[in-house]
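What follows is a short report on a single structure.
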Amino acid sequence: MSNHKKIAELNDLCRKSMGVTCSLVQTFGINALPEKDQSQIREKVELFNDFSEGNDPYGEHDFGAIDHDGEKIYWKIDYYDPDMVHGSEDPSDPSQTARVLTIMLANEY
């Protein structure tokens, strides 16, 4: 299995179990929305599967854009070392990588 495919599988797991297999960060803009909207946005991120060469050139499933009530929302996954100090040297190795999923309003990017 290629590293990109393994990274994609780990990123999909992160999105589908956010807060369990990775850390979840919501920006101030997302946190300012009503709880119902926040929940709906998290569900859309979890179910996101619109990956293509145009929006996922490396096939790692680490970024996406969704629409929620006419508002563009971005999500992205970053890779850190287990101490969360530096970037991960090998995002395909869960023992060397702490994933952080960030959900933000597009204008916060």
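Computed from the coordinates by the stated procedures, all read-outs in this text should not be read as laboratory data. Source: prediction; values computed, not measured. Neighbour counts are summed over all protein chains in view; Cβ atoms, including those assigned to glycine, are modelled from backbone coordinates with ideal geometry.
With springs only between Cα atoms under 10 Å, which of Ser52, Ser88, Ser17 fluctuates most in a Gaussian network model of the chain? Between Ser52, Ser88, Ser17, it is Ser52 that shows the largest mean-square fluctuation. Taking Glu53, Glu71, Glu35 as the candidate residues, the one with maximal mean-square fluctuation in a Gaussian network model of the chain, Cα springs under 10 Å, is Glu53. Using just the C-alpha positions of the chain as equal point scatterers, what log10 of I(q)/I(0) does the Debye formula give at each q in 0.10, 0.14, 0.23 1/Å? So the normalised log intensities work out to -0.27, -0.54, -1.31. Once both labels are positioned 7 Å from their Cα atoms along Cα-to-Cβ, the gap between Asp67 and Val85 label points is 4.5 nm.
Relative to the longest principal axis of the Cα atoms of the chain, the long axis of helix 3-16 makes an angle of roughly 40 degrees. Look at the dipole of the chain built from charges on Cβ: of Leu47, Phe63, Pro91, the Cα furthest out on the positive end belongs to Leu47.
The residues neighbouring Asn49, those whose beta-carbon lies less than 11 Å from its own, together hold a net charge of -1 under the Lys/Arg +1, Asp/Glu -1 convention.
Each listed q (0.15, 0.28, 0.29 Å⁻¹) maps to a log10 I(q)/I(0) for the range 50-96, found by the Debye formula over equal Cα scatterers with no solvent: -0.53, -0.99, -1.02. Simple point charges give the picture: +1 on the Cβ of Lys and Arg, -1 on the Cβ of Asp and Glu, and for the chain a dipole about the Cα centre of about 200 debye.
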